[in-house]
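Worksheet: the structure to be examined is printed underneath.
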Amino acid sequence: MPEMSTQIRTRHLLPPAILVALPLLAAAALGGCAGGDLGRTRENARSDDMHRWLGIEATASVGLRASQYQLTDKERLLRDLAFPLIEPPHSRPAWKTVFGDYQPLPAPWRQAPLFDRTAYGRLLIDEPHRSFSSRYNQLIEDVRDDLTRFEPFFADAVQVLDLDKKRNASINLVSDLSPRERADAIARMQENTLIVQWVQQSLEQRISSYRWALERLVIQAPDNMAADADRLIGELAAQTANPPVVSAPVVGRAVVSKG
């Protein structure tokens with residue numbers, strides 16, 4: 001009981017503002033558990049098909065229906081690897097990365113929103129940084145992240161599209177194939193192709209954004225780090241211009257970057 005009395009007396013000694021703030025701070029700490037590094041959703045907040053919407057959005061954006069088939073392991077991986085490459089690259093203060101900001105994005109075949117190649121660079125330059133060196137470091141880190149993600153995504157894309165070729169060749173050989181089954185098979189192949197094209201356009205836009213940001217950094221604060229950034233951007237551009245797999249446009253036209 002003496003111990004409890006001490007706690008009660010201590011609580012009464014605290015200013016009212018602090019008593020009000022304590023529950024809010026506790027709630028913020030618990031809410032932060034859902035957010036991961038760089039604003040990504042932590043593994044314990046993920047679901048197996050959390051990126052299934054990519055195929056649904058891609059097909060809907062060009063007026064096609066989505067497949068009702070379940071995702072294969074490789075198709076699920078394709079969507080998981082695609083999301084970090086289509087999500088706009090962020091440059092944000094560390095305190096803003098505590099809470100996850102996962103949300104679906106519009107496919108590039110939709111008219112809006114229009115791509116703004118200056119958005120990344122303006123965010124990078126305008127937000128508080130300790131020095132311009134940290135801005136160069138952030139740019140270099142973002143480009144390196146894309147380079148790291150490039151090979152795993154396209155390695156899986158090669159396998160998925162190769163299996164889709166086999167699926168397409170088998171459609172006419174399957175006995176008693178219903179119209180619905182045929183439609184779902186074709187829709188899934190279209191989904192997979194559109195996701196690969198979506199990533200391709202996203203990479204082209206990211207390269208354009210990175211170059212705009214680097215040019216402004218060089219004008220505002222010349223630094224030898226610019227050469228490293230330029231080399232990495234060039235490497236990403238070379239890989240993007242020569243992807244391991246090229247898929248035929250589903251809608252009869254390739255998506256062209258406006259940036």
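Would you confirm whether or not segment 123-143 contains a residue that is under 27 Å from Val160 (Cβ atoms), under 17 Å from the mean Cα position of the chain (by Cα) and at pLDDT 95 or above? Looking for residues that are under 27 Å from Val160 (Cβ atoms), under 17 Å from the mean Cα position of the chain (by Cα) and at pLDDT 95 or above, one finds at least one in segment 123-143, hence yes. So, of the residues in segment 145-157 that are of a type in the set (A, V, I, L, M, F, W, C) and closer than 10 Å to Leu78 by Cα, which turns out to be nearest to the chain's Cα centre (by Cα)? Restricting to residues being of a type in the set (A, V, I, L, M, F, W, C) and closer than 10 Å to Leu78 by Cα, the top hit is Phe153. Across segment 162-213, the qualifying residues are those that are in contact with a Ser or Thr (Cβ under 8 Å, 6 or more places away or on another chain), surrounded by 21 or more Cβ atoms within 10 Å (Cβ to Cβ) and of a type in the set (A, V, I, L, M, F, W, C), and the one among them that is farthest from Pro244 (Cα to Cα) is Ile207. Select from segment 165-179 the residues that are in a helix (DSSP H, G or I) and not aliphatic (A, V, I, L, M) and write down the one among them that is farthest from the chain's Cα centre (by Cα). Here the residue is Asn172.
Restrict the check to segment 202-213 and report whether at least one residue is without any contact (Cβ under 8 Å) to a residue 60 or more places away in the chain and not in a helix (DSSP H, G or I). No, that holds for no residue.
Scanning segment 165-177 for residues that are without any contact (Cβ under 8 Å) to a residue 12 or more places away in the chain and of a type in the set (D, E, K, R) turns up Lys165, Lys166, Asp176.
Return the residue satisfying two criteria in turn: it lies in segment 117-164 and is free of Cβ contacts under 8 Å to residues at least 40 places away in the same chain and part of a loop (DSSP other than H, G, I, E, B), and of such residues it is nearest to Ile207 (Cα to Cα). Residue satisfying both the conditions and the ranking: Glu127. When Gln138 is tested against (1) out of contact with any Ser or Thr (no Cβ under 8 Å at 6 or more places or on another chain); (2) polar (S, T, N, Q); (3) surrounded by 14 or more Cβ atoms within 10 Å (Cβ to Cβ), exactly one condition is not met: (1). Do we find that Ala107 is aliphatic (A, V, I, L, M), in a loop (DSSP other than H, G, I, E, B), in contact with a helix residue (DSSP H, G or I) (Cβ under 9 Å, 6 or more places away or on another chain) and at pLDDT below 95 in this structure? Criteria met by Ala107.
The values are calculated or read from the model by the stated rules, or taken from the named source; none is laboratory data. Source: prediction; values computed, not measured. Please note: Cβ atoms are built from the backbone with ideal geometry, for glycine as well, and neighbour counts cover all protein chains shown.
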